[in-house]
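K.L.:
Please read through the structure below; I'll follow up with questions.
Values quoted throughout were computed directly from the atomic coordinates according to the rules given, and no laboratory measurement underlies them. Keep in mind that this is a model prediction, so the values were computed, not measured. FYI the Cβ positions are ideal-geometry reconstructions off the backbone, even for glycines, and counts take in every protein chain you see.
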Amino acid sequence: MQTKKGVFCFICPSHCALTATFDENGKMVKAVADTRSGLHCDICDSAKGPGTIPEVHSHGKRLQFPMKRAGERGRNLWTRISWDEALDTIAEKMQFYRDHFGPESVAMVLGEPKSLDYAFQQRFATYFGTPNVITPGNYCGVQTGHADHFTFGTMNIHACHHGEPRCFIIWGSNPLNTGGGFRGYPQKLLNQALKDGAKLIMMEPGKNRYCDKADYWLRLKPGSDGALAMGMVKVIIDEELYDKDYITRYTVGFDELKKEVANFTLEDVAVETWIDVQTVREVARIYATSKPAQILWGNAIENSACALQICRAIDMLRGLTGNVGVKGGEALITPAKFSRPGRFYFDRNMPRPIAKSIGKEFSIAMGAAYVPTQSLVRAILSEDPYPIKMAWCSVTNPILTYPDSAATYEAFMKLPFLVVAEIFPTSFTAIADIVLPAATPLEHNSIAYWPAWLGHVKAQPKCVEPPGEAWPDSKMINELAKRVGLREHFFEDWEESLDLFMADSGMTYKEFCVKRSLDPTNHYRDESPDNYYRTPSGKVEFYSQQMSQLGLSPLPTFREVATPRFPKEAFERYPLYLTNGKEGAYFSSGYRHIEAMKKYKAEAICEIHPDTAAKYGLKDGEMIYIESRKGRIQQRLKVADYVHPRVVLAAFGWWDTEAEDNEYNWRKYNINILSDGDPPNDPGTGSVSLRGIPVRVFAEQPTWSSPGALGVKERKVVE
Ligand SMILES: Nc1nc2c(c(=O)[nH]1)N[C@H]1C(S)=C(S)[C@@H](COP(=O)(O)OP(=O)(O)OC[C@H]3O[C@@H](n4cnc5c(=O)[nH]c(N)nc54)[C@H](O)[C@@H]3O)O[C@H]1N2
Ligand SMILES: Nc1nc2c(c(=O)[nH]1)N[C@H]1C(S)=C(S)[C@@H](COP(=O)(O)OP(=O)(O)OC[C@H]3O[C@@H](n4cnc5c(=O)[nH]c(N)nc54)[C@H](O)[C@@H]3O)O[C@H]1N2
Ligand code: SF4
Ligand SMILES: [Mo]
């Protein structure tokens, strides 16, 4: 007999409510949207949650047993070992390196949290004593979150579900692909508001389905978002489209901002952004006068050498118009009541030894307890400030997702000891010394609290058996901790942590599983007019003393956001601007084995304007070559007239799941062969430029050899 159960999707952080169907053997056979529960359910266009989840649980390629390398690195030859052997070996190495080279010689390499994996690993790093915790924070969530923190005093700002929004700007986000709830706004409400006549402005060099509904679709130059925002700020200030009483009562630094906008012209903005002066004026006027208004911003603005200032520039718009704190605009929130994850990660008595951290020059990264990804790569290759000896990695595939894949590969190949916890074999497991099979969230009792800035929490109780001997990441860390002398800081049974996480809610984990979900509370300005904003001044801070104290520009300046990361000369040889959005059918580089989703999209496809294709002799549907100064890749061409003629919109995260004896072909289609993490990086967050990379395109393989991955030499591993 079949049974049904309500679960939350774990593929992306939107955590849509799903109804899962199980057969008589307990196998999940189907998952569909659960629109009846009233819980958040904004299924993405590709329905990748329902499409992926049942198949993930029973996929024949899932990793099932701990394994140790049985051949040269990258040959993908393995011997099955027991959990005891795996953890004893890892513990022995960790202690050896800690004793001889210091705890900082051990790096913890994390991805976006799936369940409590991230929490356990941060906690482990705290007590083990290594500051070197590497996460995707340098290009995900930190830039937007900290811009809000400095401007409004909190990282927790919600697009508001109440009231009647009159205008939306969707800025560098594709919510229909990537999960509406990721930035906190249900699509249903957005669509209703648009039907009711709200204006829609898209800041989008590519295209997504909202572009067809938009009043304005600005195909700006990739990476020029900060210049565009500053242009709009200038219009709002010059034309006095702001509320003077509001500015006086609720903001600080207006005069400085006003001075700043006198330093550039709208013509400068047009040159930098490819958007004409009149259009910049019009969108600024619409945003400033159609109140309340919301800006739904996305990841595209976070990947830049001045990402934090780009996000700050956009926050100037929110601040000038008073849209934060009103119904229909955006609202500060109090997170749902459960124990703050930070309390699980850190211990006041055991502060992170930041002075020893790699990447310590990035003050915000250090404050947020992460090391930028490229700093790890650089440190391993240069052994500066010291050699990194081993890495424990989980929920990440750096070879596909870090900038400069060739350098990243070379770095991880150089590490004396590499442990990778994964659910599927990947190009990264292929080069590991020990591979550990992980259980997905629905294969163990877990909690979903990510993205932390949305302040919600969901119960993910176990509902299917994991394959073979797969373990939750949290259990792996808990058992490792016992072996390296950290028993007192961990748990006899890792599941005790579930109650600890829920403690502040007054519920046990079991009780929470009945309740299922806790949501944050929105707050509006009229509740507490005199102390609404949570900055040091209690006001919206256009000018941020806190940033100044961190050695960062206290005010976003046009000069900073409009200084191109790549000099003009770079575009003489590589005249096109490369960028990307996330794939609709997959989550970053993951879940590529899923047959249901391969039907949705089977190949890496790049999009180029027909005139540009014609100019370079490229034909629709053919594999083409894309080259940067770093290397060369292939993707299949889709000619698309909506792409700006100078833009290449490429696909992200592609590799061959079948190329088992060739490290899964990570060199062939991988966009990060073309990117780099070279300085300058964002001075606070360590963000890197993934937008507007200079490239050129070819129909045929050029005769000259390409740098980058094709030239990567095998490195001898020395201990
Ligand atoms: N399906 C799917 N969902 C995902 C993910 C996934 O890989 N696939 N990844 C998850 C992760 S880690 C994240 S961070 C979020 C991100 O999700 P989003 O915030 O939606 O961000 P992206 O998809 O990276 O990019 C969004 C849009 O920005 C456009 N864009 C590209 N360059 C620029 C630019 O320079 N300026 C502007 N204004 N726009 C630009 C792209 O064409 C794309 O349409 O999604 C999460 N959800
Ligand atoms: N050029 C370019 N580069 C980018 C981006 C871009 O847009 N363009 N986006 C950037 C962004 S925003 C991000 S967040 C990063 C993402 O980059 P990464 O952090 O490397 O994330 P993924 O590629 O999703 O890799 C996650 C891996 O975890 C595995 N996995 C899934 N569930 C579990 C689990 O429960 N346990 C374990 N142990 N493993 C699991 C998956 O199989 C997958 O291989 O990439 C960044 N890199
Ligand atoms: S948007 Fe798609 S992948 Fe994300 S939680 Fe919802 S169904 Fe899952
Ligand atoms: Mo991300």
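K.L.:
Only residues of region 354-383 count here: report those whose backbone N is under 16 Å from the spot 7 Å along Cα→Cβ of ARG534, or say none.
P.N.:
Those under the cut-off are 368.
K.L.:
About the Cα centre of the chain, what is the dipole size in debye to 20, counting +1 per Lys and Arg Cβ and -1 per Asp and Glu Cβ, all else neutral?
P.N.:
My answer is approximately 460 debye.
K.L.:
If you don't mind, another one. Report the gain in length on full extension from ASP45 to GLU85: 0.36 nm times residue separation, minus Cα-Cα distance, nm rounded to one decimal.
P.N.:
10.0 nm
K.L.:
Now, a different point. Please report, in debye to the nearest 20, how large the charge dipole of region 319-442 is about its Cα centre when each Lys and Arg carries +1 at its beta carbon and each Asp and Glu carries -1 there.
P.N.:
Result for region 319-442 is approximately 620 debye, rounded to the nearest 20.
K.L.:
Let me ask something else. Only loop residues by DSSP count here, and only those with at most 12 other Cβ atoms within 10 Å; note down the GluC sites (Glu not before Pro) in region 307-387 that meet that.
P.N.:
Counting only loop positions with at most 12 other Cβ atoms within 10 Å, the GluC sites (Glu not before Pro) in region 307-387 are GLU383.
K.L.:
Measure up LYS114/LYS337; LYS291/LYS582; LYS213/LYS598; LYS61/LYS93; LYS188/LYS638 against 24 Å on the Cα-Cα distance and list the ones that go over.
P.N.:
Table pairs above 24 Å Cα-Cα are LYS291/LYS582; LYS213/LYS598; LYS61/LYS93; LYS188/LYS638.
K.L.:
Only Cα pairs under 8 Å and at least 6 apart count here; give the relative contact order of region 302-396 as a rounded whole percent.
P.N.:
Result for region 302-396 is 11 percent.
K.L.:
With r as the distance between the Cβ atoms of THR21 and ASP212 and R0 = 35 Å, compute the FRET efficiency 1/(1 + (r/R0)^6) and round to 0.05.
P.N.:
Given R0 = 35 Å and the Cβ-Cβ separation, E is 0.50.
K.L.:
Which trypsin sites (Lys or Arg not before Pro) does region 34-135 hold that lie in a coil by DSSP with at most 10 other beta carbons within 10 Å?
P.N.:
Within region 34-135, the qualifying trypsin sites (Lys or Arg not before Pro) (loop, at most 10 other Cβ atoms within 10 Å) are ARG36.
K.L.:
What does the extension gain come out to for ARG559 and LYS515, with contour length at 0.36 nm per residue minus their alpha carbon separation?
P.N.:
10.8 nm
K.L.:
Between region 200-256 and region 608-637, how many Å separate their Cα centres?
P.N.:
Taking the Cα centre of region 608-637 as reference, the centre of region 200-256 is 33 Å away.
K.L.:
Using Cα pairs closer than 8 Å and at least 6 residues apart in sequence, work out the relative contact order for region 572-685, in percent.
P.N.:
Once divided by the residue count of region 572-685, the mean separation gives 30 percent.
K.L.:
So for the chain, taking the charge dipole from beta-carbon charges (+1 Lys/Arg, -1 Asp/Glu), which of GLY653, GLY551, GLY51 sits furthest toward the positive end?
P.N.:
GLY51
K.L.:
Which value in deg cm²/dmol, rounded to the nearest 500, describes the helix-derived mean residue ellipticity at 222 nm for the chain, given -39,500 (n - 2.57) per DSSP H run of n ≥ 4 and division by the residue count?
P.N.:
Only helices count here, giving -8500 deg cm²/dmol.
K.L.:
So, one more: For labels at LYS4 and TYR616 in the simple 7 Å Cα→Cβ model, what's the distance in nm?
P.N.:
According to this spin-label approximation, the distance is 5.0 nm.
K.L.:
Would you mind calculating the relative contact order of the chain from Cα pairs under 8 angstrom and at least 6 residues apart, reporting the percent as a whole number?
P.N.:
20 percent
K.L.:
Note the full-extension length gain between GLU92 and GLU496 as 0.36 nm times their separation in residues minus their Cα-Cα distance, in nm to one decimal.
P.N.:
142.8 nm
K.L.:
Oh, and also: Please name which of ALA407, PRO461, ALA125 has its Cα lying farthest along the dipole of the chain towards the positive end, using unit charges on Cβ (Lys, Arg +1; Asp, Glu -1) and the Cα centre as origin.
P.N.:
Among ALA407, PRO461, ALA125, the one farthest towards the positive end of the dipole of the chain is PRO461.
K.L.:
Compute the FRET efficiency between GLN546 and ASP347 as 1/(1 + (r/R0)^6), taking r as their Cβ-Cβ distance and R0 = 22 Å, and round to the nearest 0.05.
P.N.:
E(calc), rounded to 0.05, equals 0.35.
K.L.:
Additional query: Starting with the highest mean, order 221-232, 593-604 by the number of other Cβ atoms within 10 Å, averaged over the residues of each peptide.
P.N.:
Peptide ranking by packing, descending: 221-232, 593-604.
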